[in-house]
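In what follows, a single structure is set out as structure tokens and then discussed.
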Amino acid sequence: MRRLLAIVLCGGLFFATAPPIVAASGGHVEGYVPAVAHANGRFGSVWTSDLWIYHQGATVIHLWLNKPGQDNTDGESVVVNLEEPVVFISDVVGTLFGTSGSGSLHYIADGPVTVTSRTWTPGAEGGSYGLTLPGEPVETASFAGSGQAGTLRVVVNQRLGFRANFGVVNVTPVPVSVLVEIFTADGEPAPGDSSFTLDLEPFGMTQVNNILKALTAGDRDGLIIRAGVTSGEGAIFSFLTDVDNTTNDSSYQAGFRFAF
């Protein structure tokens with residue numbers, strides 16, 4: 001089963017299956033920006049995502065905004081013509097999709113592309129704080145059945161005054177269950193509520209805000225958050241943003257594979 005594309009042709013719309021995924025040098029044709037937003041956050045933050053698309057031979061790209069907590073299978077793409085080497089889209093959620101909220105951004109192009117984004121919030125005293133989220137090729141996702149070495153990890157310190165937001169993106173047209181576990185730096189389960197399951201709809205995503213709040217209070221360095229698909233099929237990306245509560249300054253980390 002492949003996602004349908006709404007393609008503009010001769011002033012009308014017709015539906016076709018997505019183009020086949022092929023190896024690409026210097027870019028990729030299908031991938032995800034794990035999180036984009038046009039939304040209010042905590043501590044006075046207002047998050048907006050800008051998007052850059054750099055193509056290496058592609059002529060069009062199809063973009064889907066996959067909303068959290070729902071089945072996004074039947075979502076229609078927005079088609080962007082790649083007439084210049086770099087296409088910049090300011091506030092991609094608000095301007096391109098005409099909506100607000102958050103989600104993941106799925107893209108399929110007809111040739112190699114590099115996609116990246118900046119999600120930012122105005123600073124309380126001027127300027128802005130933001131973080132770069134690069135597009136990730138879909139073939140690097142963690143698939144069900146890949147075992148311990150295939151689970152995804154992020155690392156973070158537990159500190160008063162910071163919040164860690166953890167996200168998971170389902171890149172497949174089937175529901176998935178994801179086991180999330182938090183460990184201390186020595187590989188032991190973190191004290192408190194350190195294990196839970198997330199259920200995602202097809203092409204769905206979710207973000208657990210302040211994921212460390214369920215742990216026993218205290219300062220801890222090098223916590224490990226591990227996520228893996230436990231259902232029979234499916235594949236995921238995971239990510240973490242570490243945010244300063246005072247300034248909303250943020251850092252981004254993509255889930256990586258490493259077994260301990």
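Worth a mention:
- Taking residues in segment 168-184 that are in contact (Cβ under 8 Å) with a residue 24 or more places away in the chain and of a type in the set (D, E, K, R), and partners anywhere that are in a strand (DSSP E or B) and open to solvent by less than 40 Å² (accessible area, probe 1.4 Å), the pairs with Cβ atoms closer than 9 Å and at least 6 places apart or on different chains are E181/I224; E181/I225; E181/R226; E181/A227; E181/G228.
- The number of residues in segment 81-108 that are open to solvent by less than 40 Å² (accessible area, probe 1.4 Å) and either aromatic (F, W, Y) or farther than 21 Å from W120 by Cβ (or both) comes to 4.
- Residue check, T132 under 14 Å from the mean Cα position of the chain (by Cα), under 15 Å from V169 (Cβ atoms) and in a strand (DSSP E or B): no
- Flag if A185 is more than 23 Å from the chain's Cα centre (by Cα), modelled with pLDDT of 95 or more and not hydroxyl-bearing (S, T, Y): yes
- The set of residues from segment 115-127 being assigned to a strand (DSSP E or B) and surrounded by fewer than 18 Cβ atoms within 10 Å (Cβ to Cβ) comprises T116, R118, P122.
- Selection of first residues in segment 207-218 that are closer than 22 Å to V169 by Cβ and of second residues that are aliphatic (A, V, I, L, M) and at pLDDT 95 or above, restricted to Cβ pairs under 6 Å at least 6 apart or on distinct chains, gives the following pairs, ordered by first then second residue: I211/A164; L212/A164.
- Answer residue from segment 215-241, given it is among the small types (G, A, S) and surrounded by 14 or more Cβ atoms within 10 Å (Cβ to Cβ) and is farthest from T119 (Cα to Cα) among those: S231
- Test: A259 is more than 19 Å from the chain's Cα centre (by Cα), outside any strand (DSSP E or B), among the hydrophobic types (A, V, I, L, M, F, W, C) and modelled with pLDDT of 95 or more: no
- Subset tally (residues that are closer than 25 Å to T247 by Cβ, open to solvent by less than 30 Å² (accessible area, probe 1.4 Å) and among the small types (G, A, S)) for segment 40-71: 2
- Which numbered condition Y252 fails, given (1) of a type in the set (S, T, Y); (2) at pLDDT below 95; (3) touching a Phe, Trp or Tyr at 6+ places or on another chain (Cβ under 8 Å): (2)
- Residue within segment 189-198 that is closer than 26 Å to G31 by Cα and either in contact (Cβ under 8 Å) with a residue 24 or more places away in the chain or open to solvent by less than 20 Å² (accessible area, probe 1.4 Å) (or both) present: yes
Residue by residue, here is whether (1) open to solvent by 20 Å² or more (accessible area, probe 1.4 Å); (2) in a strand (DSSP E or B) holds:
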site: E139; (1), (2): yes, no
site: V155; (1), (2): yes, yes
site: L160; (1), (2): yes, no
site: A164; (1), (2): no, yes
site: V169; (1), (2): no, yes
site: I182; (1), (2): no, yes
site: D186; (1), (2): yes, no
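- Residue that is more than 30 Å from D219 (Cα to Cα), at pLDDT below 95 and open to solvent by less than 60 Å² (accessible area, probe 1.4 Å), where the choices are G130, G75: G75
The values are calculated or read from the model by the stated rules, or taken from the named source; none is laboratory data. Since this is a predicted model, take the numbers as computed values, not measurements. Positions of Cβ are generated from backbone atoms using ideal geometry, with glycine treated the same way; all protein chains shown enter the neighbour counts. Side chains included, ligands, DNA and RNA excluded: accessible areas come from the protein's heavy atoms. Shrake-Rupley method; radii C 1.70, N 1.55, O 1.52, S 1.80 Å.
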